[in-house]
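Participant: Right, I'll just put the structure down here and ask away after.
Since every read-out is calculated from the coordinates, none of them should be taken as a lab result. Computed from a predicted model, the values in this text were never measured in an experiment. Note: ideal-geometry Cβ built from the backbone for every residue, glycine included; neighbour counts use all protein chains shown.
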Amino acid sequence: MPELPEVEAVCRKLRDAVTGARIVEARVLRCGTVRVAEQASGRTLQAVERRGKHILLRLSGGVTIHTHLRMSGNLYVIPDHRLHSVYARVVFELLGGQGLVLEDKRVLARMDALSDEEINSRLDRELGPEPLSESFTPEQFVARARSSRQPAKLFLMDQGNVAGLGNIYAAESLFRARIDPRKAMARVSPAKLRGLHGIIVSVLSDAVESAVAAYAGPGAFHSEESFPVAVYDREGEPCMTCRRRIVRIPQGGRSTYFCPGCQR
DNA sequence: AACACGACCTGGTAGC
DNA sequence: TGCTACCAGGTCGTGT
């Protein structure tokens, strides 16, 4: 489900709903970390932050609940903490009776309790710049890309290069930038790389707006965000630009979609 | 060091 | 209708 835009939508919604809320008790229902239950109960939710695809719930006393939704996780507030779905992994009972629920059908999502310093330094070490912040500059991006022999798609998926891009938005960005996903980054022209930098920013900005809109109602995610995909999951369909058929190839164990006519 | 691949898990769905 | 096979918006560990 979530790449950066969807995670951002989750965070914005949580921010409104739980900032300042007191956690009465945290209950781990399925394969989670006991530390979350031990550390969260009795604390106040002070802030909701996002770093790449990671969600950070800042609690009182210097404790952070660190969550990664992976493929199928979701994190949202329900009116009654007792009325969670069968897929709930962790339920935070909030003062007043609401519930903050980590839900995941595939049990791939991760949640842990750490000190603020511990998680901050870990993420700073592992993640590249935030693509929607000042730290993501064309100079930095182009320099890093020019020194990488990774195929373009894998470079973009690598969280150490840019934090938050996943399979869909990496493919869409490369389509708009007209770059072959198999091409080594170091062999892409600097002009195209500068273009790609700007395209990543605009793709993600648009996708955040779509995700926020799609996620606006009560409860969990709507079916799909309305971000207009040009290539993702469109194998065999004609390219909207050149009419050649979009192809799907395996890359890094995942599906990559691209237009062999436009992307070179 | 860089890459490929399976593992982690379960659910949805296309195809027979 | 029911079964099967395959795919899934992510990451990590292992082996080459």
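Participant: Between 0 and 90 degrees, rounded to the nearest ten: what's the tilt of helix A:116-126 against the longest Cα principal axis of chain A?
Facilitator: Tilt relative to chain A: about 10 degrees.
Participant: What residues qualify as long-range amide H neighbours of A:ARG89, i.e. H under 5 Å apart, gap of 5 or more or another chain, H built at 1.01 Å from N?
Facilitator: Here the answer is A:LEU102, A:GLU103, A:ASP104, since their amide H atoms fall under 5 Å of that of A:ARG89.
Participant: Turning to a different aspect of this structure: With 10 angstrom as the radius, rank A:THR64, A:THR19 by how many other C-beta atoms surround their C-beta, starting from the fewest.
Facilitator: Ascending number of Cβ neighbours within 10 Å: A:THR19, A:THR64.
Participant: Right, next: Once the principal axes of the Cα atoms of region A:4-126 are found, what is the range along each, listed largest first in whole angstroms?
Facilitator: Computed over the Cα atoms, the extents are 38, 31, 27 Å.
Participant: Nearest 10 degrees, 0 to 90: what angle lies between the long axis of helix A:190-214 and the longest principal axis of chain A (Cα atoms)?
Facilitator: The angle comes out near 40 degrees.
Participant: Output wanted: per-residue J couplings in Hz (rounded whole) for region A:23-29, from phi through Karplus 6.51 cos²θ - 1.76 cosθ + 1.60, θ = phi - 60°, x for Gly and Pro.
Facilitator: So the J values, rounded to whole Hz, are 8, 6, 7, 10, 10, 9, 9.
Participant: Over all distinct alpha-carbon pairs, what is the Kirkwood Rh of chain A in angstrom?
Facilitator: The answer is 19.4 Å.
Participant: Given the options A:MET71, A:GLY261, A:VAL208, identify the residue whose Cα lies farthest towards the positive end of the charge dipole of chain A (+1 on Cβ of Lys, Arg; -1 on Cβ of Asp, Glu).
Facilitator: About the Cα centre, the residue reaching furthest to the positive side is A:GLY261.
Participant: Let me ask you something else. For A:GLU8, A:GLU25, what ranking results if the residue with the fewest other Cβ atoms within 10 Å of its Cβ goes first?
Facilitator: A:GLU25, A:GLU8
Participant: Give the peptides A:55-61, A:87-93 in descending order of average Cβ contacts within 10 Å, highest first.
Facilitator: So the peptides A:55-61, A:87-93, ranked by packing, come out A:87-93, A:55-61.
Participant: About the Cα centre of chain A, how large is the charge dipole given +1 on each Lys and Arg Cβ and -1 on each Asp and Glu Cβ? Please answer in debye to the nearest 20.
Facilitator: Charge dipole of chain A: 1160 debye, to the nearest 20.
Participant: In sequence order, what are the phi-derived ³J(HN,Hα) couplings for region A:88-103 according to the Karplus relation 6.51 cos²θ - 1.76 cosθ + 1.60 with θ = phi - 60°, rounded to whole Hz, with x for glycine and proline?
Facilitator: Whole-Hz 3J(HN,Hα) from phi for region A:88-103: 4, 9, 9, 10, 9, 7, 9, 4, x, x, 5, x, 9, 10, 9, 10.
Participant: Taking the Cβ of each residue in A:TYR257, A:TYR215 as the centre, tally the other Cβ atoms inside 10 Å and list the residues starting with the fewest.
Facilitator: A:TYR215, A:TYR257
Participant: Rounded if a/c is under 1.5, else prolate if a/b is larger than b/c, else oblate: which is region A:133-247, with a ≥ b ≥ c the root eigenvalues of its Cα gyration tensor?
Facilitator: oblate
Participant: Specify which residue in the list A:LEU94, A:LEU156, A:SER135 is farthest towards the positive end of the charge dipole of chain A, using unit charges on the beta carbon of Lys, Arg (+1) and Asp, Glu (-1), about the Cα centre.
Facilitator: Of A:LEU94, A:LEU156, A:SER135, it is A:LEU156.
Participant: Using θ = phi - 60° and the Karplus relation 6.51 cos²θ - 1.76 cosθ + 1.60, list the HN-Hα couplings for region A:226-232 in order, rounded to whole Hz, with x at every Gly or Pro.
Facilitator: Couplings: 8, 4, x, 7, 9, 10, 4 Hz.
Participant: Of all alpha-carbon pairs in region A:61-165, indicate the percentage at a distance above 20 angstrom.
Facilitator: Tail of P(r) above 20 Å: 56 percent of Cα pairs.
Participant: Continuing with the same structure: I'd like the orientation of helix A:4-18 relative to chain A: the angle between its Cα long axis and the longest Cα principal axis, in ° from 0 to 90, rounded to 10.
Facilitator: Relative to chain A, helix A:4-18 is tipped by roughly 20 degrees.
Participant: If you take the Cα atoms of region A:33-84, find Rg, then find the Kirkwood Rh from the mean of 1/r over all pairs, what is Rg/Rh?
Facilitator: Result: Rg/Rh = 0.97.
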